[in-house]
Amino acid sequence: MTKKEVKEILLSLKAQKNEILVNNLLGKIDMLDEESMQLILDKLGNDKDAVKKFFQDKLNKQYKDDGKKYPLNDLFTYGVTGNCIHLHLPVDLRNMLEEKGVFATIDTINLNLLDAIDKIKKMKDDGFYRFSDKNTIYMISPILREREQQFLESLNFKTHLYGIKDLNNEQFIKTNPEAKLAINIFGKTKKVGTASISFETISSSEWQDKKVSIINKLAKKGITLKDNSKEK
């Protein structure tokens, strides 16, 4: 079976209630290389009915979890979709921006992001049932742009930025399911950034060393989890 055939099977299951879930899965399929795709198909016997049942089961399970968000710290919550743990930043940042200024606000967000990732990793390492088959942390937000993307890329996140022109290009949307997901959540009037990182990456000693180094640098600037205040 080809990747196109697999996506057609998934699209045949698309309905209003699971549209975002299907679009997310389509995006994940697009990001799979051919070898990884074939390994999955081999497990399913390269059978169309088996692939369809696999997607049906996955969508049914995801739909039960979709929309539920659980707190991690003062800024971040998480939700579960597909093989991903989605990090959300639902906090209104206007008061923080007025109080701290742009740079300290960004530093505070970054520190809370590292804390949220630590907590997710610990929960997964401890066998938390919601995370048992999840292998990626994923974010999508208008906030994940330019400066923030540079920070994430320095931590080995895979990032992408969708411009307003892209999000208003119907042909582009048709061939980029992740852009469709961005529109479904945020509309077409804002640039939207995405970022993802695997548990394999964040579990490495190299990544953990990077994290500690960043936390120490932020502490020297007065940004800590106990006291996130900073003179503007």
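Key figures
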read-out	value
Test result for ILE120, part of a loop (DSSP other than H, G, I, E, B) and buried (at least 18 other Cβ atoms within 10 Å of the Cβ)	no
Only listed residue being hydroxyl-bearing (Ser, Thr, Tyr), in contact with a strand residue (DSSP E or B) (Cβ under 9 Å, 6 or more places away or on another chain) and closer than 26 Å to SER203 by Cα, chosen from THR108, THR77	THR77
Qualifying residue in the range 81-94 (condition: modelled with pLDDT under 90, β-branched (Val, Ile, Thr) and either in contact with a Pro (Cβ under 7 Å, 6 or more places away or on another chain) or part of a helix (DSSP H, G or I) (or both))	no
Filtered residues of the range 32-62 (kept if exposed (fewer than 13 other Cβ atoms within 10 Å of the Cβ), under 17 Å from GLY82 (Cβ atoms) and within 21 Å of the chain's Cα centre (by Cα))	SER36, ASN60
Which listed residue, of GLU178, GLU206, is part of a helix (DSSP H, G or I), acidic (Asp, Glu) and either crowded, with 17+ Cβ neighbours inside 10 Å or touching a residue at least 12 places away in the same chain (Cβ under 8 Å) (or both)	GLU178
Checklist (1) modelled with pLDDT under 95; (2) over 23 Å from LYS28 (Cα atoms) applied to LEU114, failing item	(1)
Test: residue in the range 168-187 that is of a type in the set (D, E, K, R) and more than 22 Å from the chain's Cα centre (by Cα)	yes
The lone exception for GLU231 - which of (1) at pLDDT 90 or above; (2) out of contact with any Asp or Glu (no Cβ under 6 Å at 6 or more places or on another chain) it fails	(1)
Cross-chain or 6+ apart pairs with Cβ under 8 Å, the range 118-132 first and in contact (Cβ under 8 Å) with a residue 12 or more places away in the chain, then part of a helix (DSSP H, G or I) and among the aromatic types (Phe, Trp, Tyr)	ILE120/PHE131; LYS121/PHE199; LYS124/PHE131; LYS124/PHE199
LYS188 vs. criteria at pLDDT 90 or above, of a type in the set (Lys, Arg) and closer than 23 Å to ASP107 by Cβ	no
Residue in the range 138-155 that is surrounded by fewer than 18 Cβ atoms within 10 Å (Cβ to Cβ), modelled with pLDDT of 90 or more and within 13 Å of the chain's Cα centre (by Cα) present	no
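The values are calculated or read from the model by the stated rules, or taken from the named source; none is laboratory data. Values in this document were obtained by computation on a predicted structure and should not be read as measured data. Glycine also receives a Cβ, built like all others from the backbone with ideal geometry; neighbour counts cover every protein chain displayed.
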